[in-house]
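One structure is given below, encoded as structure tokens.
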Amino acid sequence: MAAGSKNQGKILVVDDESRVREIISRKLTDEGYHCLTAPTGNNALKVLKADQVDLVLLDIMMPGKSGTEVLQEIKANYPDTAVIMVTAVADAQTAIGLMQAGAYDYIIKPIELNVLMLSMSRALEKRNLLIENKEYQLHLEQKVQEQTDKVRQSFLNSTTSLVNALEAKDKYTHGHSQRVTKIAVAIAQELTVPRFMIEKIQLAGLLHDVGKIGVSEVILNKPGKLSYDEFELVKSHCEIGERILIPIVEDNEILEMVRHHHERYDGNGYPDGLSSDQITQAASIMAVAEAYASILSPGALSLAVADAYDAMTSNTARIDQQCPLKPPAPN
């Protein structure tokens with residue numbers, strides 16, 4: 001290999017003896033390294049601040065900052081830079097302390113250039129492996145996030161298909177889920193629900209009526225009032241929806257919202273008929289909302305209020321508003 005034909009890395013030689021800097025620099029340049037030099041620890045830190053360096057050959061005994069102090073600053077501020085300590089003092093305890101502080105190696109003066117080259121080669125190899133591992137971990141995290149996003153999108157696509165299937169079956173439901181979602185989010189924001197919970201509310205809002213897929217179209221689209229038995233079937237859509245979603249939604253809060261979106265403050269809701277004696281401090285809609293929050297999640301509360309509001313303001317009559325909350329007993 002011709003001298004300087006290949007740049008194997010950028011090396012900073014730090015030594016207060018100009019002769020030592022000159023000899024090492026010449027050797028490293030001949031071996032294809034790009035060499036920088038500094039006579040003191042403070043000068044070395046200025047070079048490191050201005051330029052990216054792969055490895056530092058650092059003398060311990062220097063005027064001003066000692067090599068030990070410079071090593072500490074390098075590891076704190078430039079952790080990807082390898083450091084080899086150079087000294088005229090052969091002391092095992094010092095060597096151990098420097099290695100524990102982050103130095104790769106400890107070389108005794110007078111320096112044997114072949115030993116130095118071997119140590120540098122190994123230090124740079126280890127440095128490169130560490131950097132590659134960091135990059136791999138970073139890319140792995142990115143890949144995992146990308147895969148997570150794909151899975152999430154696939155799930156959203158599946159849920160959208162369920163909603164579309166329901167809307168095709170029940171003309172009342174067309175646009176209803178989107179309206180309830182929008183209203184529920186607005187309510188949740190007024191209740192200062194955390195952002196992560198609002199995202200769950202959005203999903204639950206889209207899915208809250210999916211259980212109607214399990215209810216006959218004849219009943220869903222019946223123009224007149226429903227019989228007791230028919231209304232009982234309609235009411236079952238809350239539990240059906242929960243059962244449909246359990247295999248694909250691994251989130252109990254979303255499932256709870258879907259199940260409880262027809263619970264009512266007066267205890268006449270369904271499917272669980274939450275009793276009024278569980279509700280406290282109810283004097284207005286917001287007080288009702290706060291009271292519901294003691295027995296329901298804020299998400300289920302939001303969906304319950306939103307569902308009722310949309311039913312009262314929608315141009316299309318709602319089938320489960322055509323019957324009293326407590327329909328007459330069957331004959």
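The values are calculated or read from the model by the stated rules, or taken from the named source; none is laboratory data. Nothing here was measured: the structure is a model prediction, and the numbers come from that model. Note: ideal-geometry Cβ built from the backbone for every residue, glycine included; neighbour counts use all protein chains shown.
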(message) Report every pair of residues separated by at least 6 positions or lying on different chains whose Cβ atoms are under 6 Å apart, first residue within the range 80-108 and modelled with pLDDT under 90, second surrounded by fewer than 13 Cβ atoms within 10 Å (Cβ to Cβ).
(response) 108/90
(request) Might you check whether a residue that is more than 26 Å from the chain's Cα centre (by Cα), surrounded by 14 or more Cβ atoms within 10 Å (Cβ to Cβ), assigned by TED's automatic domain parsing to the domain that holds residue 40 and at pLDDT 85 or above occurs anywhere in the range 126-138? (result) yes
(request) Within the range 81-102, count every residue that is surrounded by 14 or more Cβ atoms within 10 Å (Cβ to Cβ) and either of a type in the set (Val, Ile, Thr) or assigned to a loop (DSSP other than H, G, I, E, B) (or both). (result) 8
(request) Scan (1) free of Cβ contacts under 8 Å to residues at least 40 places away in the same chain; (2) surrounded by fewer than 12 Cβ atoms within 10 Å (Cβ to Cβ) for the single condition residue 63 breaks and write down its number. (result) (1)
(message) Looking only at the range 42-84, how many residues end up being at positive phi and either of a type in the set (Lys, Arg) or touching a Lys or Arg at 6+ places or on another chain (Cβ under 7 Å) (or both)?
(response) 0
(request) Could you please let me know if residue 75 is among the basic types (Lys, Arg) and surrounded by 14 or more Cβ atoms within 10 Å (Cβ to Cβ)? (result) yes
(request) Check every one of the helices (runs of 4 or more DSSP H) wholly within the range 183-242 and list those with 1 or more residues that are more than 21 Å from residue 306 (Cα to Cα), touching a Pro at 6+ places or on another chain (Cβ under 9 Å) and modelled with pLDDT of 85 or more. (result) 228-235
(request) Those residues that are within 14 Å of residue 210 (Cβ to Cβ) and not aliphatic (A, V, I, L, M), I need them from the range 223-247; list them, please. (result) 236, 237, 238, 239, 241, 242, 243, 247
